[in-house]
Amino acid sequence: MTSHVDKAETAGASLAAVFPRLEVMRKRGDFVAASKARYQTAPGLIVQMRDRGDGDPRVRVGFTCSKKVGNAVARNRAKRRLREVARLDLPALAKPGHDYVLIGKKDVTATRDFDALRTDFAKALGKMR
């Protein structure tokens, strides 16, 4: 008979396999380099994509929302939504060796329907291929 702990450990292990943890960019230089690369706007967000060209197949992602997006509550909500979109869709859509930056838009990212935001992200990446 399996215990409750065994089931929880098994469930956690299977979730980790389904949703790999994304490597998040944190250094300003990475964001500046991505800002000089290709980008695509969509109704709910802006996506920047940079080929690092360093031979490393890892995909990195960064998130940003300026004060134009709104107060701290709106910016944090927008970034949470962008992180979730990236977590769900980026592993399947990303090119190896690339950096992606997702930028929130004023009055849209925090309030847009989540399925529409995911569609916007997929379309933006599709146009940059």
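Take the conditions in contact with a Leu (Cβ under 7 Å, 6 or more places away or on another chain), within 24 Å of residue 107 (Cα to Cα) and open to solvent by 50 Å² or more (accessible area, probe 1.4 Å) and apply them to residue 75. Does it pass? Lay out the reasoning, then the answer.
Values: in contact with a Leu (Cβ under 7 Å, 6 or more places away or on another chain): no; within 24 Å of residue 107 (Cα to Cα): yes; open to solvent by 50 Å² or more (accessible area, probe 1.4 Å): yes.
Criteria not met by residue 75.
Quick one: would you say residue 89 is of a type in the set (D, E, K, R) and either surrounded by 14 or more Cβ atoms within 10 Å (Cβ to Cβ) or in contact with a His (Cβ under 7 Å, 6 or more places away or on another chain) (or both)? Talk me through it step by step, then tell me what you get.
Values: of a type in the set (D, E, K, R): yes; either surrounded by 14 or more Cβ atoms within 10 Å (Cβ to Cβ) or in contact with a His (Cβ under 7 Å, 6 or more places away or on another chain) (or both): yes.
It is true that residue 89 is of a type in the set (D, E, K, R) and either surrounded by 14 or more Cβ atoms within 10 Å (Cβ to Cβ) or in contact with a His (Cβ under 7 Å, 6 or more places away or on another chain) (or both).
Look at residue 99 and say whether it is of a type outside the set (A, V, I, L, M, F, W, C), under 21 Å from residue 21 (Cα atoms) and surrounded by 18 or more Cβ atoms within 10 Å (Cβ to Cβ).
So residue 99 fits the description; yes.
Where residues in the stretch 17-30 are part of a helix (DSSP H, G or I) and loosely packed, with under 10 Cβ neighbours inside 10 Å, which of them is modelled with the lowest pLDDT? First the steps, then the outcome.
Let us first name the residues in the stretch 17-30 that are part of a helix (DSSP H, G or I), namely 17-18, 28-30.
Remaining after also requiring loosely packed, with under 10 Cβ neighbours inside 10 Å: 17-18, 28-29.
Numbers: 17: 48, 18: 52, 28: 97, 29: 96.
The qualifying residue modelled with the lowest pLDDT is 17.
The values are calculated or read from the model by the stated rules, or taken from the named source; none is laboratory data. What you see is a predicted model; the values in this text were computed from it and never measured. When we count neighbours, we look across all protein chains shown, and the Cβ atoms used for this are built from the backbone with ideal geometry, even at glycine. Surface areas here come from the heavy atoms of the whole protein model, side chains and all, with no ligands, DNA or RNA. Shrake-Rupley method; radii C 1.70, N 1.55, O 1.52, S 1.80 Å.
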